[in-house]
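The values are calculated or read from the model by the stated rules, or taken from the named source; none is laboratory data. Source: prediction; values computed, not measured. Backbone-built Cβ (ideal geometry, glycine too); neighbour counts: all protein chains shown. Keep in mind that these areas ignore ligands, DNA and RNA; they rest on the heavy atoms of the full protein, side chains included. Shrake-Rupley method; radii C 1.70, N 1.55, O 1.52, S 1.80 Å.
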Amino acid sequence: MRESSNPVFRSLPKGQQGGYAQFGTGAAGYGAQAVHADPYTAQQYPDQRQTGVSRPLTIDDVVTKTGITLAVLSAVAVVSYFLVASNLSLAAPFALVGGLGGFVLVMIATFGRKQDSPAIVLSYAALEGLFLGSISFILANLVVSGANAGALISQAILGTIGVFVGMLVVYKTGAIRVTPKFTRMLVAGMFGVLILALGNLVLGMFGVGGGEGLGLRSGGPIAIIFSLVCIALAAFSFLLDFDAADQMIRAGAPEKAAWGVALGLTVTLVWLYLEILRLLSYFNSD
């Protein structure tokens with residue numbers, strides 16, 4: 001049984017059936033498939049037709065809930081961006097409150113097993129929108145001088161959508177199989193990136209490298225390579241996320257589990273967007 005590199009998905013129920021290129025097949029025949037699901041899934045989410053509590057999860061539920069979550073995030077991000085543009089002193093508070101608040105809600109959802117709570121998911125989207133709006137203004141207007149901020153942000157958004165759609169196609173066609181070995185390699189890479197990022201932050205706080213630490217965010221060649229690695233890891237993480245969502249659909253999870261899928265996908269999308277925007281800022285800075 002595979003686990004997603006996304007912590008939100010790792011604590012969601014999983015089925016044992018393998019395979020790939022099944023994301024989007026819906027819940028047809030879910031009752032028979034649920035019999036083969038692991039005991040944890042069967043105990044937490046018994047056959048919904050027998051209990052009458054809820055209908056089973058479908059791809060339409062995933063698309064709808066993810067769309068709602070991203071709509072809230074985008075709306076708040078736009079408002080946050082223009083508020084910061086009119087009052088620059090709001091940039092730091094928005095980024096701090098949004099970033100930390102979003103992180104706390106993800107931790108609550110993950111370890112408190114509350115991923116299927118619409119309130120938590122939509123609150124996360126609002127807080128993350130607050131963060132993204134402010135950080136987008138900072139990167140596109142302050143870090144980069146003389147560039148078209150709107151064009152820069154639009155390129156980052158289009159790049160994020162392009163990577164997402166591209167990885168969905170890769171998953172649907174089975175061009176890359178989601179195997180235990182693939183999962184272990186991806187998780188190891190993500191832990192490596194996390195350790196490097198934290199080390200870079202700590203060293204920078206102590207003035208190493210003129211406050212740039214290892215130079216992972218300085219805008220130089222090392223920073224560009226680091227961002228490219230992060231973008232690649234985020235992109236491949238979608239494969240594991242699609243596979244985890246697919247297993248839930250085939251295992252007969254209830255419809256409300258779509259909120260957890262939406263949260264997990266949004267976390268990966270936010271990470272990917274930030275890395276693409278950061279990379280573009282390197283190429284456009286003086």
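For the range 91-111, taking the residues that are open to solvent by less than 40 Å² (accessible area, probe 1.4 Å) and in contact with a Pro (Cβ under 9 Å, 6 or more places away or on another chain), the one that is nearest to LEU142 (Cα to Cα) is identified as VAL106. On the given criteria, is LYS114 open to solvent by 50 Å² or more (accessible area, probe 1.4 Å) and within 19 Å of MET248 (Cβ to Cβ)? Answer is yes for this residue. Restricting attention to the range 200-227, the residues that are over 21 Å from PHE283 (Cβ atoms), part of a loop (DSSP other than H, G, I, E, B) and open to solvent by 60 Å² or more (accessible area, probe 1.4 Å) add up to 3. Here is the figure for the range 148-162: residues that are in contact (Cβ under 8 Å) with a residue 40 or more places away in the chain and of a type in the set (S, T, N, Q) total 2. Would you call GLU255 at pLDDT below 90 and either buried (at least 18 other Cβ atoms within 10 Å of the Cβ) or in contact with a Leu (Cβ under 7 Å, 6 or more places away or on another chain) (or both)? Yes, satisfied.
Just checking, does the range 213-225 include any residue being over 30 Å from ASP60 (Cα atoms), of a type in the set (Lys, Arg) and in contact (Cβ under 8 Å) with a residue 60 or more places away in the chain? Yes, there is a match, as at least one residue in the range 213-225 is over 30 Å from ASP60 (Cα atoms), of a type in the set (Lys, Arg) and in contact (Cβ under 8 Å) with a residue 60 or more places away in the chain. For ALA149, the criteria (1) more than 26 Å from SER86 (Cβ to Cβ); (2) at pLDDT below 90 hold in every case but one, which is (1). Here LEU142 meets the list (1) more than 23 Å from the chain's Cα centre (by Cα); (2) more than 16 Å from SER89 (Cα to Cα); (3) open to solvent by 20 Å² or more (accessible area, probe 1.4 Å) almost entirely, failing just condition (2). I'd like to know if the range 69-79 contains one or more residues that are over 20 Å from the mean Cα position of the chain (by Cα) and surrounded by fewer than 17 Cβ atoms within 10 Å (Cβ to Cβ). Yes: one or more hits.
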